[in-house]
Every structure is written in C-alpha cells, then in structure tokens.
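Coordinate-derived values only; no laboratory data. Just so it is clear, the structure is predicted and the values come from calculations on it, not from any experiment. Backbone-built Cβ (ideal geometry, glycine too); neighbour counts: all protein chains shown.
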Amino acid sequence: MIRPDRLRALRPRVEGDRELEILGATLDVLAEVGYDRLTMDAVASRARVSKATLYRRWKAKPNLVIDALLSDKEPVVPADTGNLRDDLLGTFCGMGGLTDPREIAILGSVVTAISRDPDFAEAFRRDFIGPKAAIAQQLFERAIARGEIRADLDLDVIVPALPGIVLHRMFLLGDPPTADLVARVVDHVILPIVSAPRSPAAPTASPTTTPTVVSAPSAPAEVDDPHPTSSPEASAPNPKE
C-alpha cells in the first residue's frame with residue numbers, strides 16, 4: 001500500500017500549459033468579479049481542476065492571483081531614446097503601460113484588495129508594482145547622468161508621479177488613460193519640475209549714453225528801448241531858470 005505522502009508525490013505537478021490554463025482562468029474570474037469575490041473554488045471550476053490541485057501549487061489566493069498577474073504581462077523594456085520625454089512616453093504608452101486596457105482592467109480589479117488584504121498588498125507591491133517602479137526610476141537616473149534633469153530630485157516622489165496622476169484621473173475623475181493624457185502630464189507636470197535650471201545669462205551691458213546736461217535758464221538779454229522813459233528828475237523844471 002502506498003503511503004498518502006508518497007501518493008501526493010506521485011501526482012503530476014501543475015506546470016507548463018496546464019499551469020498557464022489555470023492562471024488564465026484566474027485572470028478571467030478576476031476580471032469578472034474582482035479580487036474580493038474571487039475564490040479558489042471559482043478558479044478550480046473555471047479551470048476544470050480540483051481545488052486540491054490548486055493548493056498543491058499555490059498555498060493561498062494572493063499567491064495564485066499574483067502569479068496570474070505576472071504571467072499575463074510581457075516583459076517591459078525601458079525605452080532609451082536619449083531624452084526623458086520620449087523615454088517616458090515610450091515606456092508608459094502601449095502594451096503593459098498606462099494606456100493598455102487589460103493592464104488597467106487588472107488594476108481596477110485589485111485596487112480595493114490592496115487596502116483590505118495585507119498579504120496580497122505586500123505581494124502585489126513587491127512583485128507587480130516593484131519591477132515597474134524600478135524601470136521608471138531607471139529612466140530618471142539616466143536623465144540625471146546625461147545632465148538633462150536636476151541631480152537633487154527626490155526620486156521616491158517623482159518616479160510614481162506620472163502613473164499616480166493618470167490613475168487618479170481615471171479612477172476618480174473618469175478620464176480614460178490615453179496617450180494624449182500621458183503626454184500632457186509629462187509636458188505640464190513632470191518635465192517642468194525635473195528640468196535642470198538653465199545657467200543665468202551674463203547681464204548685457206547697456207550702451208553708454210552721454211548724460212544730458214540741463215542748462216540753467218539764461219537771464220533775458222537787455223534790449224534798448226527805442227522810447228526811453230524820462231526820469232522824474234529830468235522832467236522836473238529847474239527853479240533857477
């Protein structure tokens with residue numbers, strides 16, 4: 001008789017295409033009901049496997065969902081165009097970026113779980129958000145090395161600013177995360193904050209001007225009166241005459 005522990009060891013492991021099918025089923029259920037309502041039973045039913053099969057490979061729901069999330073995305077290669085603006089647009093727009101509908105749908109399905117499930121939140125930040133943040137940080141570090149942006153930036157604040165603004169506008173204001181929105185945030189928020197200050201231009205010497213000398217008003221010139229007025233002494237009669 002085969003012992004139970006030996007029997008478990010002889011059972012086929014979940015791997016290869018079968019594992020991908022289970023992870024795909026997990027994403028389907030996640031998109032339909034969200035993380036909070038996703039159960040191992042629902043995934044097992046969708047993937048047509050036993051719940052025991054799931055638990056042999058994943059010890060809990062957070063592990064299964066994280067693996068499913070990671071299996072669904074292509075490796076993100078950071079753009080390297082030689083300038084920060086094009087690097088940001090090339091990395092955050094398109095597949096796996098802020099304008100990828102499936103990526104956004106996944107974020108929407110787990111956003112509530114991040115605040116309610118500490119185990120999931122820890123794994124999600126470490127395994128899903130962590131690599132993305134590292135790529136974004138690399139873009140800014142390269143720009144600093146080129147002298148394109150300031151070296152005194154607090155990258156812990158700057159790096160998540162772009163996705164933070166775009167996702168805030170999507171989840172709270174209802175703005176779709178389009179490439180145009182990403183470009184506007186880059187042009188009007190990110191670049192003005194991080195750009196290296198230009199060296200102040202040397203003051204331009206003003207042309208020398210000769211000061212205007214204002215002369216004191218001249219005294220009016222004396223003019224000979226053609227009809228001189230006789231003085232009283234000249235007009236008075238001489239008593240001796």
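The string of couplings for region 55-66 from the Karplus curve (6.51, -1.76, 1.60, θ = phi - 60°) is 6, 5, 9, 10, 6, 7, 4, x, 5, 5, 5, 4 Hz, one whole number per residue in order, with x for Gly and Pro. For the pair region 168-185 / region 83-162, the C-alpha centres are spaced 15 Å from each other. Rounded to the nearest whole Hz, the Karplus-based 3J(HN,Hα) values (6.51 cos²θ - 1.76 cosθ + 1.60, θ = phi - 60°) of region 106-119 follow the sequence 5, 4, x, 7, 10, 4, 6, 5, 4, 8, 10, 10, x, 5, with x at glycine and proline. The residues packed around ARG142, meaning those with a beta-carbon under 10 Å from its beta-carbon, carry a net charge of -3 if Lys and Arg are +1 and Asp and Glu are -1. Under 5 Å between amide hydrogens, built in the peptide plane, is the criterion, and for ILE149 it picks out ILE144, ALA196 among residues at least 5 positions away or on other chains.
Computed from backbone phi with θ = phi - 60° and the Karplus coefficients 6.51, -1.76 and 1.60, the 3J(HN,Hα) list for region 77-94 is 9, x, 5, 9, 9, x, 9, 5, 4, 5, 4, 5, 5, x, 8, 8, 10, x Hz; x is used for glycine and proline. Normalised by the number of residues in region 11-71, the mean separation of alpha-carbon contacts (under 8 Å, six or more apart) gives a relative contact order of 44 percent.
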